Amino acid sequence: MTLRSDLIGTAAMFAAIFWWPPNVARAGPPLIADDPNTVGPGVVQPIFAASALNRGDETLVRGPIADVTIGLVDSLDAIVVSSLLSLHDTSENPRWTLSGFFAVGVKWQFFRADRGSLAFTPTFITETAAAREPAGLLPIQGELTLRDRKGVIGFDIGYAPIRRVDDEWFVALYASWAATRRLNILGEIWAVAFGRAEAADIGASLGIDYGIFGKDLRLLAAVSPGIVSTGMPRLDIHAYVGAQYTLGSRRDRWRSTRSNGFK
């Protein structure tokens with residue numbers, strides 16, 4: 001996952017309500033969008049990562065990131081994410097400003113069929129280093145496996161209510177293709193609207209999910225160039241790299257098994 005943090009005083013893949021417009025990251029990682037899949041009962045899946053986002057005079061470094069998913073039952077996961085945030089604004093404050101955030105949520109996969117699934121992932125996010133308003137995240141994810149079983153397409157759409165700050169709407173469309181037994185190519189397009197949509201961010205991401213050691217240890221990496229905001233034109237560049245490890249027997253699904261059509 002990877003949470004959409006708009007109140008963290010900076011946001012994680014995309015944002016934060018205070019310094020940057022919100023768009024949080026949760027997508028699989030390494031994408032922004034999240035998928036609807038659960039890991040299965042008794043499975044623990046930690047991700048350790050870091051990311052960097054540059055926007056004009058500002059640079060946000062997020063890390064170390066600890067993103068842990070715990071399978072409670074077959075269709076329900078618990079999710080805990082914690083991270084340090086370092087913000088550098090050359091135009092206002094030449095020094096690095098440290099902060100952090102903590103997020104906790106659940107993923108409920110309320111529908112699953114042979115080739116598709118849907119999930120609801122309510123999440124609570126708060127900043128750990130400053131007295132900022134907590135935020136909620138209410139997304140629904142859906143996914144469909146293609147006929148050749150080598151690829152999937154999906155969406156992540158939702159709403160983020162934030163007290164005394166403009167709320168956020170977001171949508172992302174993603175795709176994954178099993179290029180080899182170990183390598184999966186990932187892509188997405190996403191958009192985030194703030195308040196009454198007077199300002200909005202749109203962008204795209206390209207990433208990989210590579211099996212370093214079987215299906216248990218995987219390298220996750222993505223880059224999101226050319227992120228543009230309407231109402232406040234700018235160019236952003238975001239990069240993410242991390243490692244994911246699976247403890248326990250996970251159900252066969254595109255995020256861990258991505259061998260899909262390779263039997």
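Nothing in this text is a laboratory measurement; each read-out follows from the coordinates by a stated rule. These numbers come from a predicted model, not from an experiment. Every residue, glycine among them, receives a Cβ derived from its backbone with ideal geometry; neighbour counts consider all protein chains shown.
Brief remarks on what is shown
- Burial ranking of peptide ranges 31-41, 106-116 (average Cβ count within 10 Å, highest at the top): 31-41, 106-116
- Using the Cβ-Cβ distance between Tyr245 and Val171 with R0 set to 25 Å, the FRET efficiency works out to roughly 0.25.
- Simple label model, 7 Å out from Cα along Cβ direction - Asp57 to Ala113, nm: 5.3
- Derived scalar couplings ³J(HN,Hα) [region 64-73; Karplus, 6.51 cos²θ - 1.76 cosθ + 1.60; whole Hz; x for Gly, Pro]: x, 9, 10, 10, 10, 10, 10, x, 8, 9
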